[in-house]
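Trainee: Supplied in structure tokens, the structure appears directly below.
The values are calculated or read from the model by the stated rules, or taken from the named source; none is laboratory data. The structure presented is a predicted model; accordingly, all values stated were derived computationally and were not measured. Cβ placement follows ideal geometry from the backbone for every residue including glycine, while neighbour counts extend to all protein chains displayed. These area figures cover heavy atoms from the full protein model, side chains too; ligands, DNA and RNA do not enter into them. Shrake-Rupley method; radii C 1.70, N 1.55, O 1.52, S 1.80 Å.
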Amino acid sequence: LELRAESPPLHQTVSQSSKTTLTDCPNLPDHFYLWSVMSQDRENRQSPGWNRRFIEEYIGKEITDQLRLTLMSIWRRDHPTLPSERSENERNTLLLRWRLGLSAIYAEAEDPSWATKLNEEEAKLATRFAPCELNALPRWIDSLAAAHPKAVDAILGNELDWELNSKQDSTGHSMLLQNIGYSSETVGRLFLPRLCSWLDNNRDNIDDVYIVSGDAALLRQVIRVLLKHADQDTCTRILEIASERFRDGKSAQVSYIWLSALVRLDPSHGVDVLEDLAREIEPGERTKVVEWLGFLFGDDRDSIDLRTSAFTPQLLLRLVRLAYRHVRSIDDVEHEGVYTPDARDHAERARSWIASALLEAKGEKALAAKLEMANDPLCAESKDRILAVAEENWAKEIDSASLSIDEAIALNDTGEAPPSTKQAMFSILCDRLDGIDDLLRQDVSPRENWANIKQERVLRREIARELGNTAKGVYKVDQEATTGEEKETDIRLRSVVSEQQAIIELKLADQRSARYLRDAISQQLVKKYLVAENSSCGCLLVAAAKKVKWQHPDRKKEKIGLQELEKLLCDEAKRISEEKDDQILVKVHVLDLRPPHSTNSN
């Protein structure tokens, strides 16, 4: 009697969906009232309508087990209809007993292998209960899709086709497609062939320029779900379609939806297209560029994520300039009281989010982009704030560098942590080469012995031995290590806590021309040895034992000494690093083995 008193009314409007009502269930057995009580437990989000802990607390495990067995038999005796099978005025209603059956499957799904024990017809029947979940697909659909993918596709896939091909209202929204979009990859990928087929048949028949029609909204939803669950082939397919739409880069009727897909899949190309489209449009309060930026980056529900690695600091800087040029602060709208955001409001939000994404970016490249942003006349009004935020974030980055236990121990023992980044590895390399210079200035200097060495492989062993003596446990030294192209390097320093390594290419300057030494930086050090991701820093180590002159590689009649040679090689290393956008770090280090009295003159 108490349970009946706490049970819900038989007719009620479900708050999650204003269009959905629960209609009467004619016969109410005792288990219905137990289910009604469980359904009211709002803390139970994992298995709606089935809560073993809740029931066991009041009536014990034995009766709870019996209730579960009873529920397991109930759903097998029912047959929910799908919206496509009902009359139009019944499509937004659910029978209460279908909701009871949905919970019954949750009860059966306590067994992790429940789905594998179903036959194909039972799997199809269970799938029919899935749309009875409100605003989502039930959690048990994952295991059912894994065990019976054809059954799930036969029911929900055909229902999806019906929704997509039905005449769209002004919203153009598919609830089933929304639920598929929120589902797991196992479920989502079941429907990729159907979505791709619909896209192929409808992509050229929908006017999506202004994204106001129901058909255009549905196209946007389909592409959004495809991009979430798509494999590489599907992404490539969508990218090709999007790129084709902007092949000339001058289209007056810009497809908002395909522009969004292009920027998501290939940000660099997408920003190129956006800049090209905006180039001939004069800035104004409500121009097409304002609409594009707001649609792409200022929509609360569907904005492109600017904090992924694909949006590099330089790419974000380009977007900042585009936003500040076309979404000018002098045109900003001031609202009073309640208002509905429009395209201008979205664009202003986009401008703010783009700038924030750059200011929050980390690393040396991000710092350089922030300083460039601060010095841009477009950002003159915000210069002081940009500089302050950039300096503050850079200080936090430096202070927040964390060390592993091994790194912390090494730092405590030696005062130096093993390198775990490219920059740290490069710093170690530079420090150790400077240490060799210090050694050559000491009383125990090996300068004379090293100067008498005529073969690079012999001098390499001596230098490698010294680098090993100063390793302090933060790196290991390899000689003549072999690259993936079967090329041999001279000396390789390998971090003991990461895959980072630094390459040293040794050359005896007395035996080489200046042109050969300069070309060795790009042709040997960079192209052969610094191609791997973890081998992105290196040094051309030039050893000079005699006071000689070299012919300038570009000016044939000019002779240069060691200082001019060093400057020539360092300029080449700097040029290559800048050309590679600092993806690799290259330096030149001259090892002066000449007698001390001869080093005063070039």
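Trainee: In segment 134-176, which residues are farther than 13 Å from Ser84 by Cβ and crowded, with 20+ Cβ neighbours inside 10 Å?
Mentor: Within segment 134-176, Leu137, Pro138, Trp140, Ile141, Leu144, Ala145, His148, Ala151, Val152 meet the criteria.
Trainee: Would you confirm, using the coordinates I've provided, whether Asp332 is of a type outside the set (Val, Ile, Thr) and more than 27 Å from Leu262 (Cα to Cα)?
Mentor: yes
Trainee: Tell me whether segment 543-566 contains one or more residues that are modelled with pLDDT of 90 or more, closer than 26 Å to Ser498 by Cβ and under 49 Å from the mean Cα position of the chain (by Cα).
Mentor: no
Trainee: Out of all the residues in segment 309-332, which are free of Cβ contacts under 8 Å to residues at least 24 places away in the same chain and either in contact with a helix residue (DSSP H, G or I) (Cβ under 9 Å, 6 or more places away or on another chain) or surrounded by 12 or more Cβ atoms within 10 Å (Cβ to Cβ) (or both)?
Mentor: Within segment 309-332, Asp332 is the sole residue that qualifies.
Trainee: With the structure loaded, tell me whether Ser73 is within 19 Å of Gly101 (Cα to Cα), small (Gly, Ala, Ser) and assigned to a helix (DSSP H, G or I) or whether it fails that test.
Mentor: Yes.
Trainee: Identify the residue in segment 493-521 that is free of Cβ contacts under 8 Å to residues at least 40 places away in the same chain and farther than 29 Å from Lys549 by Cα and, among all such residues, is surrounded by the fewest Cβ atoms within 10 Å (Cβ to Cβ).
Mentor: Restricting to residues being free of Cβ contacts under 8 Å to residues at least 40 places away in the same chain and farther than 29 Å from Lys549 by Cα, the top hit is Glu499.
Trainee: Determine whether Gln524 is modelled with pLDDT under 90, within 25 Å of Gly561 (Cα to Cα) and open to solvent by 10 Å² or more (accessible area, probe 1.4 Å).
Mentor: When the stated conditions are applied, Gln524 passes them.
Trainee: While we're on this one: Are there any pairs, at least 6 apart or on different chains, whose C-beta atoms fall under 7 Å, with the first in segment 536-555 and closer than 30 Å to Lys422 by Cα and the second part of a loop (DSSP other than H, G, I, E, B), and if so, which?
Mentor: Short answer, once both residue conditions are applied: Ser536/Leu530; Ser536/Gln583; Ser536/Ile584; Cys537/Ile584; Gly538/Leu530; Ala543/Leu593; Ala544/Leu593; Ala544/Arg594.
Trainee: Any residue in segment 113-132 that is closer than 15 Å to Ser73 by Cα and among the basic types (Lys, Arg) sitting within a Cβ distance under 6 Å of a residue that is open to solvent by 40 Å² or more (accessible area, probe 1.4 Å) and not in a helix (DSSP H, G or I)? List the pairs, counting only those 6 or more apart or interchain.
Mentor: Here the result reads none, with nothing in segment 113-132 linked to a residue that is open to solvent by 40 Å² or more (accessible area, probe 1.4 Å) and not in a helix (DSSP H, G or I).
Trainee: Further question: Looking at (1) exposed (fewer than 15 other Cβ atoms within 10 Å of the Cβ); (2) in a helix (DSSP H, G or I), which one does Ala123 not meet, given that it meets all the others?
Mentor: Tallying (1) exposed (fewer than 15 other Cβ atoms within 10 Å of the Cβ); (2) in a helix (DSSP H, G or I), Ala123 fails exactly one: (1).
Trainee: Could you grab me the full set of residues in segment 338-375 that are open to solvent by less than 70 Å² (accessible area, probe 1.4 Å), over 27 Å from Gln314 (Cβ atoms), of a type outside the set (D, E, K, R) and free of Cβ contacts under 8 Å to residues at least 24 places away in the same chain?
Mentor: Listed by number, the list holds a single entry, Pro341.
Trainee: Of the residues that sit in segment 558-569 and are assigned to a helix (DSSP H, G or I) and open to solvent by 50 Å² or more (accessible area, probe 1.4 Å), which one is nearest to Ala509 (Cα to Cα)?
Mentor: Glu566
Trainee: So, restricting to helices (runs of 4 or more DSSP H) that lie completely within segment 295-396, which ones have at least 2 residues that are at pLDDT below 90, aliphatic (A, V, I, L, M) and more than 18 Å from Leu274 (Cα to Cα)?
Mentor: 364-374
Trainee: Counting just the residues of segment 281-308 that are under 21 Å from Asp376 (Cα atoms) and more than 27 Å from the chain's Cα centre (by Cα), which one comes out least open to solvent (accessible area, probe 1.4 Å)?
Mentor: Gly284
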